[in-house]
Amino acid sequence: GIGAEPKSRVMNTTAPTWECQELSQASVDATVAAIRADVMQNGARSPYGRFIHPDFVATGRSFVSRTYIAMQVEDDKKDQIPIVVLEYLGRRNGFFQDGLFHSSAYMGEEDRFIQNGDIRIRVVSSATDEFATMVQPDFLLAILSVFLVWVVLWSYMGSFFLGSVSMFQIIVSMPVGALIYKVLGIDYFEFLHILVIYLVLGIGADDVFVLLDTFRHLADTDAPLEEDGRYPRDTLFKIVEKTWMRTASAIFNTSFTTAMAFVSCSGSKAMPMRTCGWYAAITIILNYVFTITFTPAVMVIWHKYIQGKRCCCPQLTLRPEGKMAVDGAKREEKKLNCVEVFLEKAYIPSMQWKVGRVRPVPIAVALAMLGVAAQGVYFASRLTPPRTEEVWFPDNHMLLEISEFMGSSFNTPAYDGYTVIEILLGIEGLDASEIDVYYPGEKSGKVVFDKSFDLSTREAQDFVLETCEKLKELPCDLDGCDNAGYGTLMLKTDSASDSCFLRDFKAWSNGTLPTGAAFLPQLNVFRDTAYAQAYTGEVLQKEVDYKKDIGIVGGELRFAVIKIRSTMAETTPFSRGQEVSELLQEFVKRRRAAAPPSAKSVAYAGFVFAGFDLSTELLNGLFSGCAIAVPIAFIVLLASTRNIVLSIYAVFSVGAIVLCVLGFCKSAMDWDLGIGEAIAGVIVIGYSVDYVVHLAHIYCEAKHVGLQKRGERAEFAVRNMGSTVFAGAITTAGSGAVMFFCFFYFFFKMAVLICVTIMYSFMFSLGFFMPLVWLIGPQGDAGDLGACIR
């Protein structure tokens with residue numbers, strides 16, 4: 001009824017009842033008339049404004065309304081309330097619904113509502129932890145990714161045994177990595193760590209492919225067989241030894257550069273980002289260690305007992321010894337897979353084809369990829385910080401943009417949607433020494449008060465009053481300030497939009513502030529007895545509490561707070577809000593410079609600024625990751641190839657890949673440089689180096705087998721590593737593509753960015769780097785560091 005106070009109800013979550021008394025039309029009409037009269041008289045102050053649309057006063061109708069239900073339930077059952085309500089409406093969490101692997105009960109129709117009889121309903125509950133509920137099904141999708149990568153391993157290797165053992169090795173690296181992670185004293189796992197599973201699957205498979213393909217190529221070139229069979233012990237030992245030497249170096253280059261890209265996250269202050277980087281780096285290093293220790297032993301067992309046998313579980317009996325080919329003898333014909341056929345029949349011949357002394361195909365392909373790189377640079381330069389809030393849920397999720405919906409659909413005061421900004425006095429900092437960095441919510445730290453803070457002097461009082469006035473009139477012509485017509489940071493309304501405790505104390509004291517020993521006792525009386533609403537307008541009344549804003553601790557004034565209702569909306573995105581934050585930084589800096597010694601501790605605060613700090617930290621992490629990973633990639637390339645020319649070509653290719661992926665975010669997806677993109681940027685750096693590094697390393701390796709000309713060395717690189725690059729691309733993109741079916745939009749972004757990164761890495765490795773070395777690659781001792789030193 002009108003004016004009735006909301007009452008708590010005890011809800012039976014196992015057998016709820018939904019019956020309610022149907023009101024007569026006369027009762028409804030009377031209630032509507034009473035609400036309309038109250039809203040017409042009291043405007044935004046009416047308690048019924050939150051239940052009706054702004055047009056209600058004019059039309060007498062509200063196409064939207066809402067109901068508050070306060071439930072009294074046991075703590076361990078509070079999360080069941082929204083489930084019971086949603087199930088009554090026909091919605092529930094479930095697998096293979098709404099085109100997703102696992103959908104949420106909160107997913108409505110396109111307008112985020114669901115139909116129930118003659119009305120459409122949208123449910124919001126403070127008991128809902130949608131992140132905790134939905135992250136587990138997304139984690140289960142990793143099982144599908146494991147299966148798909150295992151299928152590719154089995155298919156490419158042609159061995160159920162090798163594929164299964166390789167997958168076992170990759171999977172084992174994760175719990176072993178978690179154990180090392182724990183031993184190092186890191187006790188933090190977040191939903192972001194799920195990404196590591198998808199990342200390691202592709203990287204681990206790539207390592208195994210390099211080892212196996214190197215073994216096969218060396219066997220074909222160094223010890224060809226006339227008839228199939230196992231190698232003699234000594235011959236097998238030499239092949240495995242040479243395979244290990246070449247593979248250990250090649251995989252180290254990619255593993256080290258990728259791991260360092262993730263280690264670059266260790267400087268981030270954002271704990272999920274930092275710890276995810278550590279965990280990813282540990283698992284990548286473990287995969288490298290397993291690949292050069294465990295996998296060669298498995299490969300020897302496979303060659304001696306299983307190779308060529310079609311059964312999944314053959315008898316472990318020694319295969320017959322093969323007959324070694326001699327000069328002039330017909331060798332065993334090597335079976336090429338479809339990728340190798342393409343490389344042998346189409347790619348290599350087209351790259352080798354000459355018209356006179358010119359190779360037209362490499363020139364055309366390299367120029368085309370330069371054009372791709374140019375557009376990547378252009379669109380990457382147009383990336384901006386987020387223009388809208390970060391999106392975590394699908395478009396039809398009921399909780400998405402709920403604040404904006406509530407603000408625009410109901411007759412609530414417009415100022416409710418604007419940020420309250422606080423100026424803090426007397427607080428020197430925060431002692432975080434006892435805070436667990438991995439679980440900061442368990443302890444909040446200790447406030448460090450400024451021991452010299454004292455407002456009992458006239459000088460300090462004048463400074464505070466002046467600060468209040470300057471804050472009121474602080475100009476703001478930034479996009480983040482919605483202040484058309486008056487241009488200040490503070491919201492201008494008919495009633496006061498600020499709270500200055502000292503000004504109010506002065507008015508309470510009949511216009512004269514006490515000083516010296518009389519100041520604190522009278523301030524204490526004011527703090528305990530003054531009615532804040534008598535000095536503050538309705539715009540800020542709910543935010544002002546003198547007992548909290550005037551901090552008397554242990555009988556001493558330790559801190560105080562000045563507040564304003566700003567013109568910055570609570571939903572202001574980072575790109576605009578950060579500018580307002582910088583405006584306040586400058587204001588605080590000027591006030592500190594003007595402050596007397598007893599009031600030097602001046603700071604600003606606001607809940608929305610914490611989100612801006614996180615975004616800033618993630619963006620800084622992206623740029624620092626690039627600043628660390630790219631030089632490291634160049635150093636590793638230079639150390640492994642010992643060729644300055646080849647290293648420059650490779651690093652240029654890696655840079656082009658990173659810029660093209662970031663440009664894709666803008667050109668194809670119209671994304672901003674937000675949280676997801678900043679996190680993905682580090683992943684992009686890690687993935688972008690792999691294929692180019694593999695090809696650069698094997699190009700240099702060609703010199704050690706007697707190949708001097710660039711065409712011969714390029715052909716050798718493609719023939720030995722081309723199919724490996726393709727298989728690695730398929731497994732990595734395939735493992736990442738599984739995230740397209742995840743619930744969280746963040747994982748969808750990761751799927752897009754991983755697949756696009758692999759696409760550009762593949763394109764630039766075989767479509768730019770290789771054509772470039774075919775045309776102007778180093779030959780002989782050109783660019784060789786050893787030759788330069790000599």
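The values are calculated or read from the model by the stated rules, or taken from the named source; none is laboratory data. Being a predicted model, the structure only gives us computed values, none of them experimental. Cβ atoms come from the backbone with ideal geometry, glycine included; neighbour counts cover every protein chain shown. Keep in mind that these areas ignore ligands, DNA and RNA; they rest on the heavy atoms of the full protein, side chains included. Shrake-Rupley method; radii C 1.70, N 1.55, O 1.52, S 1.80 Å.
Here are a few things to note about the model shown:
- Taking 19 Å as the straight-line reach from the Cα of K548, the aspartates and glutamates in range (excluding those fewer than 8 positions away in the same chain) are E422, E428, D450, D454, D498, D504, D528, E538, E556.
- Against the chain, whose longest principal axis is taken from its Cα atoms, helix 160-183 shows a tilt of about 40°.
- Accessible area in square angstrom per residue, the chain, 1.4 angstrom probe: 48 Å²
- With Cα atoms, 0 to 90° folded angle of helix 519-529 axis to the chain main axis: 90 degrees
- Global form of region 381-450, assessed from the alpha-carbon gyration tensor, a/c cut-off 1.5: prolate
- Two-decimal log10 I(q)/I(0) for the chain, as the Debye equation yields it once each C-alpha is a single scatterer, q = 0.07, 0.09, 0.11 Å⁻¹: -0.70, -0.99, -1.25
- Taking Cα atoms only, the orientation of helix 360-381 departs from the longest principal axis of the chain by about 10 degrees.
- Prolate/oblate/rounded call for region 225-300, Cα gyration tensor, a/c under 1.5 rounded: prolate
- Unsatisfied cross-links (Cα-Cα over 24 Å) in the set K443/K470; K443/K472; K182/K443; K451/K589; K492/K563: K443/K470; K443/K472
- Using the Karplus relation 6.51 cos²θ - 1.76 cosθ + 1.60 with θ = phi - 60°, the per-residue 3J(HN,Hα) values for region 610-624 come to 5, x, 5, 4, 5, 4, 4, 5, 5, 5, 4, x, 5, 5, 5 Hz, with x marking Gly and Pro.
- Partner lysines whose Cα lies under 25 Å from the Cα of K749, excluding those fewer than 8 positions away in the same chain, are identified as K269, K666.
- Near the amide H of E321, within less than 5 Å, lie the amide hydrogens of R230, all on another chain or at least 5 residues away, with H placed in the peptide plane.
- Cross-link partners of K354 among lysines, defined as those whose alpha carbon lies under 27 angstrom from its own and excluding same-chain residues fewer than eight positions apart: K345, K703, K709.
- Positive-end extreme of charge dipole, the chain - chosen from Q578, Y198, H53 (charges on Cβ): Y198
- Cut-off under 5 Å, modelled amide H: who pairs with T488 long-range: C476
- Debye, to nearest 20: dipole size of the chain, +1 on Lys, Arg Cβ, -1 on Asp, Glu Cβ: 2380 debye
- Region 531-575 and region 142-200 have Cα centres spaced 51 Å apart.
- With the Kirkwood sum run over all distinct C-alpha pairs, region 519-656 has a hydrodynamic radius of 20.0 Å.
- If only the Cβ of Lys and Arg carry +1 and only the Cβ of Asp and Glu carry -1, the dipole of region 506-590 around its Cα centre is close to 140 debye.
- When you filter the chymotrypsin sites (Phe, Trp or Tyr not before Pro) in region 508-586 for DSSP loop state and at most 14 other Cβ atoms inside 10 Å of their Cβ, you are left with Y531.
- Computed helical MRE - 222 nm, the chain, DSSP H runs ≥ 4 contributing -39500 (n - 2.57), nearest 500: -17500 deg cm²/dmol
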